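Reviewing the structure listed below.
Please treat every number below as a calculation from the coordinates, not as lab data. For clarity, every value in this text was computed on a predicted model and none was experimentally measured. Reconstructed Cβ throughout: ideal geometry from the backbone, glycine too, with neighbour counts over all protein chains shown.
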Amino acid sequence: MKNKPEGIKMKFNERTWCIFVCLVVLVLGSLLGVRAYGAPVGNNVWGDAKTDQERCQAEADYMVKYRQFRHVGPCIGRFEGIGYGGHSPNLGTCTPRYKMKLTGDAVAQTPEGTWVRVRSWR
């Protein structure tokens, strides 16, 4: 028989190995509870912060520590705005459409000089 099946042959080139390693890292990371840049999974953003001001500062510090320049936890208050970048701590953030009272305003800076600002309203 000339056309006898030989089974499945797999060739692992450099690209295949890279994809395989990335998948293994992602699976292990999710099993161990780790996100990109080593940010822990779960609501550990605020720690034991109680007030909106404390939560804003904790969230800004978290964003800087883990390089997560986005909303990283539940909404602080009824509205939360974040901003990042620039050479000044006076960054613009989103603001509520309706009249609300500003309850928290905090900034943090990365070692490279990137500013992060978190504000909350109720």
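Some observations on this one:
- Taking 98, 62 and counting other C-beta atoms within 10 Å, the order from fewest to most: 98, 62
- Taking every C-alpha pair closer than 8 Å and separated by at least 6 residues, the mean separation divided by the residue count of segment 43-121 gives a relative contact order of 36 percent.
- Fewest-first sequence of 59, 80 by Cβ atoms within 10 Å of each Cβ: 80, 59
- Two-site label geometry, residue 54 and residue 66: point separation in nm, points 7 Å out along Cα→Cβ: 2.0
- When segment 43-121 is reduced to its Cα atoms, the Kirkwood hydrodynamic radius in Å: 12.3
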